[in-house]
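To start, the structure itself, in structure tokens.
What follows is calculated from the coordinates using simple rules that are stated; it is not laboratory data. From a predicted model like this one, the values you see are computed outputs, not experimental measurements. Cβ sites come from the backbone with ideal geometry, for glycine too, and all protein chains shown count toward neighbours.
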Amino acid sequence: MKILKKHFILSQYYLLLLLEFFIIFPLKAQDARFTVVLDAGHGGHDPGAMSATSKEKDINLAVVLDLGAIIEQKFKDVKVVYTRKTDTYLTLQERANVVNDHHADLFICIHTNSSPSPSAYGAETFTLGLAKTRANLDVAMRENSVILLEEDYRTKYKGFDPASVDSYIMFEFMQDKYISRSVEFSSIVQKEFVKFQRTDRGVLQAGFWVLHRSACPSVLVELGFISNAAEERYLTSQQGQKELATAVFNAFVDYKRTHDKKSGHQISAVSKIELPVKKEEQNQKYQQKERKQPEQPVVITQQKPLNDTVVKRTKIETPVLAPNNSIQTPVFKVQLFTSDKIIKPKAKEFKGVDITDYYVENGLNKYTYGNETDYKKIVTIRKEIISKFPEAFIIAFIGDKKITAKAALKLIR
């Protein structure tokens, strides 16, 4: 009788093992979907960056909801988790807890930038790391400053002070095992922004607490500058928010495909969304009312005015022909900054740099320095002024048509 009872118990045990192996494990595997956590920065009594007419928290939430809706519609094998779907406040640690509690595969924080300079513009994506420039550190300090809204934040955040430069030294010694995949996704995001005519400010690193406490590849996207009047109009528009969400979604498509391939999973057949920008309509909607948008960027040389009120406007000098006479030689310039206003020569914005040019594009005045057909010379010029304009970058023109420095180099090599 005891032997029969022993055999019965063993048979039941092995039966449970078989059930777990053939039924329970497959069900768990089916439920192990790729999880992405979307975080709309700020919220509730924390408005984030503000202008006279708009708040960062509202822009962030609108883009996150658009992005999440697209992912949910296109990907059946992806679980979308939101840190917030309404105008509510969460601490940075609570946001990180959402990521970790759901064992996320990717964490995307959406934010809107701000700058003391109204000419700052463009999109950038951050990963966790030590800020290499003061500008990057300033962004991290601003986003981390939400900690100050909490009681006893020094205890909760282990002595971390978002307003102290010394607190950010900790990020120099961190080894983030997710950094390579975070940079990978950030790079794709920036490439997709460019396709939607956003200015690429690059992939950067800084000490963001919410990224530090999240155990998965994590990025913080700064969509644009609410402090720039032209960008604010774009960021607060339904079209602009839809385009920004679509750009991040397209980056997610590429990243997910690579993830599936590396993980041995079935590669998703989801395609990117091609959303062509109707330039004429966009320009009519967002350009300044007092200035008509030209078909091509107009390059304007600022010379010393006779009465300090008149600026002489001349087009860029005609580029010389290349030796084979088949193409024009590009002219390289260093772009300093952008403004929605015409700035007089010798103004403080130029920081002592003389003989500057500007061209008009998408209703904005984009100021440049230098005028070289030799790429090495323009690189030297940029190095000479980089301390005054740390965000300056090289562009090129063929006649009156602006092209990227990369495209220009292909023409002359």
- Message: I'd like the distance separating the alpha-carbon centroids of the range 362-402 and the range 87-130, in whole Å.
- Response: 31 Å
- Message: Please state the shape class of the range 33-102: rounded when a/c is under 1.5, otherwise prolate if a/b exceeds b/c and oblate if not, all from the C-alpha gyration tensor.
- Response: oblate
- Task: Treat each spin label as a single point 7 Å out from the Cα along the C-beta direction, and report the Ile355 to Lys376 distance in nm.
- Result: 2.1 nm
- Item | Potential extension, Lys262-Asp400 segment - 0.36 nm per residue separation minus Cα distance | 45.2 nm
- Expected sort for His212, His42 with the fewest Cβ neighbours (10 Å cutoff) up front is His212, His42
- Query: Going 7 Å from the Cα of Val165 in the Cα-to-Cβ direction, what parts of the range 184-228 have a backbone nitrogen less than 16 Å from that spot?
  - Reply: 207
- Query: Between Lys156 and Ile342, what length in nm is gained on full extension when 0.36 nm per residue of separation is reduced by their alpha carbon distance?
  - Reply: 62.2 nm
- Note on the structure: With DSSP loop assignment and no more than 16 other C-beta atoms within 10 Å, the chymotrypsin sites (Phe, Trp or Tyr not before Pro) in the range 37-124 are Tyr89
- Task: Please report Thr91, Thr380, Thr404 as a ranked list, fewest other C-beta atoms within 10 angstrom at the top and most at the bottom.
- Result: Thr380, Thr404, Thr91
- Message: Please rank Met50, Met141, fewest neighbouring Cβ atoms within 10 Å first, as an exposure proxy.
- Response: Met50, Met141
- Item | Spherically averaged projected area in nm², based on the convex hull that wraps the Cα atoms of the range 28-281 | 13.7 nm²
